[in-house]
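Contents: one structure, followed by commentary.
The values are calculated or read from the model by the stated rules, or taken from the named source; none is laboratory data. Just so we're clear, the structure is a prediction, and the values are computed from it rather than from any experiment. Note: ideal-geometry Cβ built from the backbone for every residue, glycine included; neighbour counts use all protein chains shown.
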Amino acid sequence: MSNNDSRGFQPDPDEEVSRRHPGTPQIMRNIFGIFMILVYFAMGVLMCMNFFGFPWPWTGWVMGVMLIIYGIWRGYRQFKGIDSRF
């Protein structure tokens with residue numbers, strides 16, 4: 001069927017775009033992923049410096065190191081494209 005058949009049917013351009021690009025655009029997922037990596041690193045560093053004044057400094061160090069390791073893991077997944085299937 002062509003774009004103009006005998007009934008004068010015109011496909012909706014917005015519908016055509018939504019069929020070709022469903023869901024969140026890849027560029028927005030990448031930007032958000034990089035932003036979150038920076039947040040994990042920053043929070044990890046702040047916790048290691050005991051910025052939040054935990055009563056036991058070791059709790060900040062443990063949580064800070066965990067956040068930094070998780071940020072590294074997220075960065076690896078982001079740049080290797082492991083998250084791209086979602």
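A few points about this structure:
- Flag: Val17 matches the condition of being at pLDDT below 90 and β-branched (Val, Ile, Thr).
- If the condition is being at pLDDT 95 or above and surrounded by fewer than 13 Cβ atoms within 10 Å (Cβ to Cβ), then the stretch 51-71 contributes only Ile69.
- Every condition in (1) over 20 Å from Ile82 (Cα atoms); (2) modelled with pLDDT of 90 or more; (3) in contact with a helix residue (DSSP H, G or I) (Cβ under 8 Å, 6 or more places away or on another chain) holds for Ala42 except the one numbered (3).
- In the stretch 76-84 there is no residue matching the filter, namely being surrounded by 13 or more Cβ atoms within 10 Å (Cβ to Cβ) and over 22 Å from the mean Cα position of the chain (by Cα).
- So Met28, is it over 21 Å from the mean Cα position of the chain (by Cα), of a type outside the set (Val, Ile, Thr), modelled with pLDDT of 65 or more and not in a loop (DSSP other than H, G, I, E, B): no
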